[in-house]
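**Student:** I am attaching a structure below and will ask some questions about it afterwards.
The values are calculated or read from the model by the stated rules, or taken from the named source; none is laboratory data. Because the structure is a prediction, the values reported are computed rather than measured. Glycine gets a Cβ as well: all are built from the backbone with ideal geometry, and neighbour counts include every protein chain shown. These area figures cover heavy atoms from the full protein model, side chains too; ligands, DNA and RNA do not enter into them. Shrake-Rupley method; radii C 1.70, N 1.55, O 1.52, S 1.80 Å.
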Amino acid sequence: MLHKLLIALRILFVTAGALALLFVLSFPDSIIPPHPMYEYMEGITAKDVKPWIWLAPLLLMEFFDVLGPRRNLVWFVSLFIVLLAGLIAWPVIESTYPELLYPTFAYEDGKLSAGLGWLAVITFGSILFRGVLLSFLCRGPERSDDSELNSVDSTVLDPATARTVREIAAAPVRVKPRFLFGEADHGLIARFGVFMRRLVFRSRVRTGLFFAAGVLLLGWFCFYPRPDAQQALERDLRRLQEHVLLPGGSMRATTSAVHAAYRVMKYVSDHESFAGFTRQQAEKWLRLDKMTSPSYLAVLRDETDRPLASVDDAFESRTRFLTVTDGIRTAVLFIRTNEKGDVINISEVQDAGWNAVADDLRRRFGNDIDTRILSR
């Protein structure tokens, strides 16, 4: 009982390490965010360590795995638990919080889709390394039955009684076989037949259960109801209003609300959904007229100048129409109106705060263009 309990505890710890490994593989930017200052620092920096941080949870898993017997059992059960949990959660996350599964921007980390892919690669590599290579290189001694056929009397190995090849050929030692004849025990034969049929039945049931579980998992993954484009847009329109109240009384959006807001703004910008709209019509399209918190609506509709790390608006003639931020990440919807300022002509989306390196590059690129325009 204690032996099984210790194996269960090791499986628990290795599974926790596998979850940490999945997080590191999926969200490395959350652990070591990219920053332009790393380019100007000498010596080994966090940027140099970042590609190898996944080794820490992997070594932790190995540490708990080698603490006792049944190492392959503990290792593969833990990895398959995390992989199966990820596959089961995949369609649910994809339908509700897709920003956890797929990157919103090309410069983001790979998210859970990439993390689960790398974890599957590690699992397959473990099968090859542990199940094939190590079993071939570290093959244990062959077991032999302690029977009369496999035992040798010590007198045979005594050099004093050694014989030459000619003496052995002249008087070879032959084992006289013994046969047991008599009536067959039909009861024993029947019991043996029942035992074998039970083994076959259990094997078939076990195979059937594994096959049924695989079919159910595949059906869950493929046929779980995902929202279509319109349903996803409605989901994001509801979510962009999510916010939290900070201790000082200020309000900010949740991180998932910022992602949802950016997807909505990107849709508006790509489809020119506000072309010809008044401001009131645009607010109604965004469901802002149904918000239950006038204070947070004022935060979203604040049009005062706000500096963004990704762009310098000093030479821009556009109006900040909707701003959603969680204090770090920001999504802004800008509009350009007609001369009277009552009709929207163009909608533009701007992001900042997801990646400091990308923000710095875009800001410098925009400043270079503005400088060239002004120098003409």
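**Student:** Where in segment 314-359 are there strands (runs of 3 or more DSSP E), lying wholly inside it, with at least 3 residues that are of a type in the set (A, V, I, L, M, F, W, C) and loosely packed, with under 14 Cβ neighbours inside 10 Å?
**Tutor:** Result: empty, no element qualifies.
**Student:** List every residue pair whose Cβ atoms sit under 8 Å apart, with the two residues 6 or more apart in sequence or on different chains, where the first one lies in segment 40-63 and is farther than 17 Å from Ser26 by Cα and the second, anywhere, is among the small types (Gly, Ala, Ser) and at pLDDT below 90.
**Tutor:** none
**Student:** Do you know which residues across segment 286-308 are without any contact (Cβ under 8 Å) to a residue 40 or more places away in the chain and open to solvent by 60 Å² or more (accessible area, probe 1.4 Å)?
**Tutor:** Those that are without any contact (Cβ under 8 Å) to a residue 40 or more places away in the chain and open to solvent by 60 Å² or more (accessible area, probe 1.4 Å): Asp289, Lys290, Thr292, Pro294, Ala298, Glu303, Thr304, Asp305, Arg306, Pro307.
**Student:** Filter segment 31-41 down to the residues that are open to solvent by 40 Å² or more (accessible area, probe 1.4 Å), modelled with pLDDT of 85 or more and over 25 Å from Pro57 (Cβ atoms) and list them by number.
**Tutor:** Met37, Met41 - these are the residues of segment 31-41 that are open to solvent by 40 Å² or more (accessible area, probe 1.4 Å), modelled with pLDDT of 85 or more and over 25 Å from Pro57 (Cβ atoms).
**Student:** Next question, about the same structure. Any chance segment 140-149 includes a residue that's modelled with pLDDT under 90 and of a type in the set (S, T, N, Q)?
**Tutor:** Yes, that holds for at least one residue.
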